[in-house]
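What follows is a set of notes on a single structure, which appears directly below.
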Amino acid sequence: MEKQAAEVIINQTKLSLVQGDITRQTTDVIVNAANSSLMGGGGVDGAIHRAGGLAILEECKQIVSKQGRLPTGEAVITTGGNLKARYVIHTVGPIWRGGTQGEAELLASTYRESLKLATEKGLSSISFPSISTGVYGYPVDEAAEVALASVVAFLQDVTSIREVTFVLFDSNTYSSYCQALKKLAPKA
């Protein structure tokens, strides 16, 4: 069941929050909180690989064989395979180490780089999970503020993107993002 949340308009782009399953999104592209090997894993990463099928894994293997492991904060794009989304952007978020190891900058980079790739492809809609807040241990409240601030800052410039959706798996994460959005855009 999907719970619709706050919604704001940033420079003609709709930014919304929903509680739900990112693998069921019908946006042009969904973002995968991947690990640097791009071989699938737990959480969102495992769910996307399972739902999308082998085509995603095969493209990930080709990317890794060409360029090696994906560094933290960077992003690559593959097919959506069996997903409703046409594409998957894989990005590697930082592992939380107390907040003094540049985690916020690296987390912001995951969102910026994902949006850049989507814009380069001329895509108009993108769905994000809460990157790094699962096994990587990033505190959700802080991650929500970094994520939303990064996306809002990116959307200030001209972009092909007309719709950004944060698809948050559980009610606690959803609540944290709603609070962060209220701070960032009080009219939400």
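Please determine whether any residue of the stretch 80-90 is free of Cβ contacts under 8 Å to residues at least 60 places away in the same chain, in contact with a Cys (Cβ under 8 Å, 6 or more places away or on another chain) and closer than 28 Å to residue 162 by Cα. Before you say what the answer is, go through the steps one by one.
Applying the first criterion (free of Cβ contacts under 8 Å to residues at least 60 places away in the same chain) to the stretch 80-90 yields 80-82, 86-88, 90.
Applying the additional criterion that residues be in contact with a Cys (Cβ under 8 Å, 6 or more places away or on another chain) yields 90.
Among the residues that remain, those that are also closer than 28 Å to residue 162 by Cα are: 90.
Checked the stretch 80-90: at least one residue is free of Cβ contacts under 8 Å to residues at least 60 places away in the same chain, in contact with a Cys (Cβ under 8 Å, 6 or more places away or on another chain) and closer than 28 Å to residue 162 by Cα.
Of the conditions (1) farther than 24 Å from residue 74 by Cβ; (2) surrounded by 24 or more Cβ atoms within 10 Å (Cβ to Cβ), residue 184 satisfies every one except a single condition; which number is it?
The number of the failed condition is (2).
Condition check ((1) part of a strand (DSSP E or B); (2) at pLDDT 95 or above) across all residues:
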position	(1), (2)
126	yes, yes
130	no, yes
137	no, yes
148	no, yes
160	no, no
164	yes, yes
167	yes, yes
182	no, no
187	no, no
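For the stretch 24-62, give me the residue count where each residue is closer than 28 Å to residue 160 by Cα and either buried (at least 18 other Cβ atoms within 10 Å of the Cβ) or in contact with a helix residue (DSSP H, G or I) (Cβ under 7 Å, 6 or more places away or on another chain) (or both).
Adding up the residues that qualify gives 22.
Filter the stretch 63-101 down to residues that are among the aliphatic types (A, V, I, L, M) and outside any loop (DSSP other than H, G, I, E, B), then give me how many there are. Walk me through how you get there before you give the answer.
Looking only at the stretch 63-101, we keep the residues that are among the aliphatic types (A, V, I, L, M), and these are 63-64, 70, 75-77, 83, 85, 88-89, 92, 95.
Next, only the ones that are outside any loop (DSSP other than H, G, I, E, B) stay: 63-64, 75-77, 88-89, 92.
So the count comes out to 8.
From the set of residues in the stretch 8-23 that are under 17 Å from the mean Cα position of the chain (by Cα) and either of a type in the set (A, V, I, L, M) or in a strand (DSSP E or B) (or both), which is surrounded by the fewest Cβ atoms within 10 Å (Cβ to Cβ)? Steps first, answer last, please.
Narrowing the stretch 8-23 to residues under 17 Å from the mean Cα position of the chain (by Cα): 13-23.
Okay, now just the ones that are also either of a type in the set (A, V, I, L, M) or in a strand (DSSP E or B) (or both), so 13-19, 22.
Details: 13: 21, 14: 15, 15: 23, 16: 18, 17: 25, 18: 20, 19: 21, 22: 27.
Here the answer is 14.
Among the candidates 56, 48, single out the residue that is closer than 19 Å to residue 133 by Cα, part of a helix (DSSP H, G or I) and touching a strand residue (DSSP E or B) at 6+ places or on another chain (Cβ under 8 Å).
Details: 56 fails: closer than 19 Å to residue 133 by Cα.
One residue alone meets the criteria, 48.
Within the stretch 106-126, which residues are out of contact with any Lys or Arg (no Cβ under 9 Å at 6 or more places or on another chain), among the small types (Gly, Ala, Ser) and either surrounded by fewer than 24 Cβ atoms within 10 Å (Cβ to Cβ) or more than 11 Å from residue 28 (Cβ to Cβ) (or both)?
Within the stretch 106-126, 108, 109, 114, 122 qualify.
The values are calculated or read from the model by the stated rules, or taken from the named source; none is laboratory data. The structure displayed is predicted, hence computed values, not measured ones. Methodologically, a virtual Cβ is constructed for each residue, glycine included, from the backbone with ideal geometry; neighbour enumeration extends over all protein chains shown.
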